[in-house]
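Have a look at the structure below, then the notes.
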Amino acid sequence: MADNNYYYDKILKENQKNKKSFFNFKKTYPAYLVLILFLILSFFIWDQAKLMVKNNQKQEFRKATNSVISRLEAKKQRKLEVINSISVLFDIFPFKVPKDYFELYSTVPTMTYPSILGVIYAPKVSNEEKGAFVYNAKSMGYYDYYIHPEGERQVYFPSEYIIPLESNIHQLGFDYYTNDDLKTAMNKAMKENILVTSPVKNYGRNDTVSFYMISPLYEKDSETNTENQRINNFDAAVLLEIKADLYFKNAIKSAVTEEKSTGFASDSSIYFRIFDLDYEGKKNVIYQSDNSHFFDKAGFTPLINEIIDYQLADRTIKIEFATVPDFGGKFQTLLPLITLIIAIFVSFAFFGFLHSLISSRARAVDLAEKMTRSQRRIVETSNDMIAIMDFNAIWQSMNPASDIILGYTPEEMNGTPLKQYLKNPEDFNNFDSLVKNAEEDVHNKFDVEMLSKDGEVRWVSWSITISKTDNVIYALGRDVTLEKLAEQQAILKSKQIQLAQKYAQEASESKSFFMTKLSHQLRNNLTGIIGYLQLLDQKIYENEEEHDSFVKLAEESSEEIFTFVSDIIEATINSDNTDSINYEIIQFGKIQQEMEAELKSKYAEELNIKISFNEEAKTSKALADGELLKDALTELTGALTQNKPNSAIEVFIQENDYEKMTEIQMLASENHITEKMIKLFKNTDSVIDALKDDEDDIVFRLAVAASAIKRLNGTFAVDSLGKDGNLVMINLPSNAQTEGI
Amino acid sequence: MSNEKTIMIIEDNMPVRKLFSTLLKRSGFETFDFENAKKSIDWAKENTPVLIIMDILLPDIHGTELIKAMKDLPNLKNTKFIAVTGFATGNDSDKFLQGGFDSYISKPVNTATFADEVKEVLNS
């Protein structure tokens, strides 16, 4: 017997080690790694989202600010066009531009652009020219013209023309050079020959904050290449006074707009203020958006805050832009956070999935291993041979059952051919044919006789699967030796019964034939005897001779019949004596003990069957063969009790002197199977046919007992009394009927 | 030979054959008796008895077969047949009558009535 302990111990030890495999970090660490990776990725995504949102916001911010700037630029261009066009006017005229022309060219812009407070022509007037200049101005219709502020100065830049005059009358004659800011701006324009913008401030016009755009004019055809030349040849300045807030307001807001809206959607996402730093660095807010209160909102820090320079000629106006709260929308603001949350969630979800997968796989592997171990155990402990062979019928693997069934260990069998173990080598041919002809996976069964190691024949029932896929044959072999023997016994028994039937039939036919022959012979002889005696008695003979012949013929018939009868008796005596009956006077008192002992040894000790005899049985006698009678009674005991434990039989024996018979009654306790079989026995025409329905051999035993009793010249009867039990009645000849036996 | 009084007796037991012959002769019949079927058939081919009394269990052939052979002979188409048997049961009697016999007599025969029974068959 192969040692299976090694396999089991190994398996159990392995099982112990791997018991918690699916919780083992060693197995699930990839999931944790992936989690860390995903978390890093999540934060990266979050960062990227933030960046993207920031970029988006920056873009939006840029768009919004650009929108504002572009509008301002557009406005600026228009103003530049105005001042340039007027400046060019002075270039065109060979001498000084007449007042009418100045007014003509200046009125339209002032009417078109409400932010233009005034278009001013301020020529350079020296002290010496002052008188003449004033006189000239008055002669042009400015009757009250005077240069102010009053005072002697080296040079003056008074406004000579100013449009519109009505709203700027206070500036008529005003010496712009007396204003430090304007002086600085004019000097710069003069020196650099550029358009200059003055600081944005109140230049004495009520609450109006304005700025001047100053364009220098030089003497006609003078040199202006150098600064000196420009200073020396500086002749006048054209000034454009622009109302600062209106300028920016009109630049920013569209033509059709609501009070609180610029008309540009992007403006709603930002707020801004436009301020100027004067020459001292003082900050003057020129204009601010309607929602610029956010600048002062406590605790609020805009997402983006930027100061953009806006070039107004040479002046850099500052525009401070900032994003409103929820710039880009709350969703966009929260998008990175949402992304992060989702990413973290996905990370953990994936981790969970992966962990579960790995764990499941580990569990599955564990389970598979368990199943494999279970299956391996089943294979190894199975009493059936579980094997694999190749297509040449060479054993590739075998379980330890081969040792049990054939006496060969798996190691001995592996590598050897199936044919080697077959009792009938020709049995291999069918198997071989099956394998060779199998085109796809085939399942088949066959029973063969195999030779064990010690030379015994074992019937093995093989169930095989020819797997073309796996290129092997899977085989399951069961020891069916006992079943086969039983089958053969059953077949033999069946044949014996059939033979017995045939013999019985033959005997019956022989008996019929014998009886026919006997009857014929006897009747012939009797015909002769009776016939001739009747003729003799009736004296139906013609003469003495005929009389004698009749007597002789009668004698012949008599002798024939005597000879015939003698021959029959002799033949009977000389038949096979092996079954001859030894008649003797049976003392039931003596036989009772033997029967009790035999019955007890056969039934009572194991099954506690109680057998009781009546008192008279001890002194009763019968003429019978003791052994045959004992066998018959034993069979009846088995039949009546069906070998059921705790059954009881009462045996009643008495002699009937009148009929010269000994009566035996056996009464057994209620037994339904026996009752059923008794009915079958009684009602059948052929006991042999009834055997196929026999249960527990009851009918068979009744038949055997009945036959034995009949052979003892007795009578046999059996009956069922239902609840009262089952009864057998036997009559045997008593010692008075010894004649002839 | 054809004779209204000619009776053929086929019986293998000599005393019985002689008894039948004696009883029939006493009644005025002419009898021809044979101990086996072969001899009887040979004679029957040439002769025409009015009646054939036949034992069923003959040594060479069963009576039920012999009667078929006899009845195939054209000269015996009007001949009556009586079966004499030592084992006549209810089934046997039907078998004999269906086999072509006109009657049957069981052994041992009653010598007093045997001839009358034969006449009765002849007259039926």
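The values are calculated or read from the model by the stated rules, or taken from the named source; none is laboratory data. Source: prediction; values computed, not measured. Every residue, glycine as well, gets a Cβ built from its backbone with ideal geometry; the counts of neighbours run over all protein chains shown. With ligands, DNA and RNA removed, areas are computed over all heavy atoms of the protein, side chains included. Shrake-Rupley method; radii C 1.70, N 1.55, O 1.52, S 1.80 Å.
Things worth noting here:
- Within segment A:500-538, the set of residues being within 12 Å of chain B (Cβ to nearest Cβ) and touching a helix residue (DSSP H, G or I) at 6+ places or on another chain (Cβ under 6 Å) comprises A:Gln521, A:Asn524, A:Asn525, A:Thr527, A:Gly528, A:Ile529, A:Gly531, A:Tyr532, A:Leu533, A:Gln534, A:Leu535, A:Leu536.
- Scanning segment A:177-214 for residues that are closer than 22 Å to A:Asp235 by Cβ and buried (at least 24 other Cβ atoms within 10 Å of the Cβ) yields A:Leu182, A:Ala185, A:Met186, A:Ala189, A:Met190, A:Val196, A:Thr197, A:Ser198, A:Tyr212, A:Met213, A:Ile214.
- Considering A:Phe234, A:Phe300, A:Phe272, the condition of being touching a helix residue (DSSP H, G or I) at 6+ places or on another chain (Cβ under 9 Å) and farther than 30 Å from A:Asn179 by Cβ is satisfied by A:Phe300 alone.
- Selection within segment A:388-417: residues that are among the β-branched types (Val, Ile, Thr) and closer than 23 Å to A:Ala438 by Cα. The member of this set that is nearest to the chain's Cα centre (by Cα) is A:Ile388.
- Test: residue in segment A:532-545 that is within 21 Å of B:Pro59 (Cα to Cα) and free of Cβ contacts under 8 Å to residues at least 24 places away in the same chain: no
- Of all residues in segment A:96-128 being buried (at least 19 other Cβ atoms within 10 Å of the Cβ) and among the polar types (S, T, N, Q), the one that is farthest from A:Lys220 (Cα to Cα): A:Ser115
- A count restricted to segment A:19-45 and to residues that are modelled with pLDDT of 55 or more and open to solvent by less than 70 Å² (accessible area, probe 1.4 Å) stands at 10.
- For segment A:263-298, the set of residues classified as open to solvent by less than 80 Å² (accessible area, probe 1.4 Å), without any contact (Cβ under 8 Å) to a residue 24 or more places away in the chain and part of a helix (DSSP H, G or I) consists of A:Ser292 only.
- Evaluation of B:Leu76 against the conditions (1) open to solvent by 10 Å² or more (accessible area, probe 1.4 Å); (2) away from chain A (no Cβ under 14 Å) shows that the sole unmet condition is (1).
- The residues on offer are A:Glu663, A:Glu675, A:Glu670, and the sole one that is open to solvent by 20 Å² or more (accessible area, probe 1.4 Å), in contact (Cβ under 8 Å) with a residue 24 or more places away in the chain, touching a Gly at 6+ places or on another chain (Cβ under 9 Å) and not in a helix (DSSP H, G or I) is A:Glu670.
- Restricted to segment A:67-90, and to residues there that are closer than 19 Å to A:Phe234 by Cα and without any contact (Cβ under 8 Å) to a residue 40 or more places away in the chain, the residue that is most open to solvent (accessible area, probe 1.4 Å) is A:Val88.
- In segment B:103-124, residue most open to solvent (accessible area, probe 1.4 Å) [restricted to those that are closer than 24 Å to B:Lys5 by Cβ and hydroxyl-bearing (Ser, Thr, Tyr)]: B:Ser124
- Flag for A:Gly131 being open to solvent by 20 Å² or more (accessible area, probe 1.4 Å), part of a loop (DSSP other than H, G, I, E, B) and either out of contact with any Ser or Thr (no Cβ under 6 Å at 6 or more places or on another chain) or without any contact (Cβ under 8 Å) to a residue 40 or more places away in the chain (or both): no
- If the condition is being free of Cβ contacts under 8 Å to residues at least 24 places away in the same chain and either under 44 Å from the mean Cα position of the chain (by Cα) or part of a loop (DSSP other than H, G, I, E, B) (or both), then segment A:418-429 contributes A:Pro425, A:Glu426.
- Filter pass, B:Gly100 being on the phi > 0 side of the Ramachandran plot and either open to solvent by less than 70 Å² (accessible area, probe 1.4 Å) or within 14 Å of another protein chain (Cβ to nearest Cβ) (or both): yes
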